[in-house]
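Here the structure is laid out as structure tokens; the discussion comes afterwards.
The values are calculated or read from the model by the stated rules, or taken from the named source; none is laboratory data. Here the structure is a predicted model, which means the values were calculated and not measured. Every residue, glycine as well, gets a Cβ built from its backbone with ideal geometry; the counts of neighbours run over all protein chains shown.
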Amino acid sequence: MEYALYLGCTIPLKMPHFEKAFREISKILGIKYKEMEGAGCCPDPVATQSLNIDTWLTLGARNLAIAEKLGLDIMTVCSGCYETLKTVHVLLEEDKAAFDRVNAILGKLGIEYKGTSKVFHFAELFSQDEMLEKIKSKVVKPLDSLNIASHYGCHLIRPSKIMQFDDPERPESMDKILRAIGASPVEFAAKLECCGFCARLQEEIGMNLVEAKMTDLK
């Protein structure tokens, strides 16, 4: 299977090590992808949507249309991008009026959104049984001495009706990947709590959320 790789903004600009790791692991696992030339910001699943829903839908649909032109489904490495692109895909599939509005705008740029490309997060692919076996077979240095806590965050599994990524109450995809590389997943009460980023405009609230989650890990 080949995918259209969507990196978004945050990964290349703030987390290039994450992009590097994904590309290197993809080589090892035989994952094929094409670059999405001309892709823009996803855009942000919270801020842009709250300011103007049609702008958010149109920018998201433009990115999806690039993948459609390649004839490929999208693979994302950022949870926020994953939520935006998958939600845009679902909402435009369900709302014909919004679909027409978006295409009227995109049409001025010579772009048509059809809704044919699906959206996946890399953890979806990596946590499939066949891929887990491949991961196990490629491990060079098992992380069997490490206990690791997974942070699923808000964007990856919510809203569950749209994302349909994992069990929203007891997600296991990341934990399966951890086991495949020899690590021991850790269960903790705050596993599904927000990281605090949503409250970044009120630093004290955001830091309290982070502190509560980190304290639970001790």
For segment 37-69, which positions are of a type in the set (V, I, T) and surrounded by fewer than 18 Cβ atoms within 10 Å (Cβ to Cβ)? V46, I53, T55
Looking at segment 70-84, can you tell me whether even one residue there is closer than 29 Å to M15 by Cα, crowded, with 20+ Cβ neighbours inside 10 Å and among the small types (G, A, S)? yes
Which pairs do you get when a residue that is assigned by TED's automatic domain parsing to the domain that holds V77, found in segment 41-56, comes within reach of a residue that is part of a loop (DSSP other than H, G, I, E, B) and of a type in the set (D, E, K, R), reach meaning Cβ atoms under 6 angstrom, with the pair 6+ apart or on two chains? none
What is the residue count in segment 99-126 for residues that are assigned to a helix (DSSP H, G or I), surrounded by fewer than 22 Cβ atoms within 10 Å (Cβ to Cβ) and either touching a Leu at 6+ places or on another chain (Cβ under 6 Å) or among the aromatic types (F, W, Y) (or both)? 3
Flag if T87 is among the polar types (S, T, N, Q), crowded, with 16+ Cβ neighbours inside 10 Å, closer than 21 Å to I157 by Cα and touching a Phe, Trp or Tyr at 6+ places or on another chain (Cβ under 6 Å): no
Which condition number in (1) of a type in the set (S, T, N, Q); (2) free of Cβ contacts under 8 Å to residues at least 12 places away in the same chain; (3) surrounded by 14 or more Cβ atoms within 10 Å (Cβ to Cβ) is the one that S150 fails? (2)
Among residues of segment 1-53 being aromatic (F, W, Y) and in a helix (DSSP H, G or I), the residue nearest to M131 (Cα to Cα) is F22
Those residues of segment 9-24 which are touching a Leu at 6+ places or on another chain (Cβ under 9 Å) and in contact (Cβ under 8 Å) with a residue 60 or more places away in the chain, in sequence order: F22
For I181, are the conditions met, namely being crowded, with 17+ Cβ neighbours inside 10 Å, in contact with a Pro (Cβ under 9 Å, 6 or more places away or on another chain) and closer than 16 Å to I28 by Cα? yes
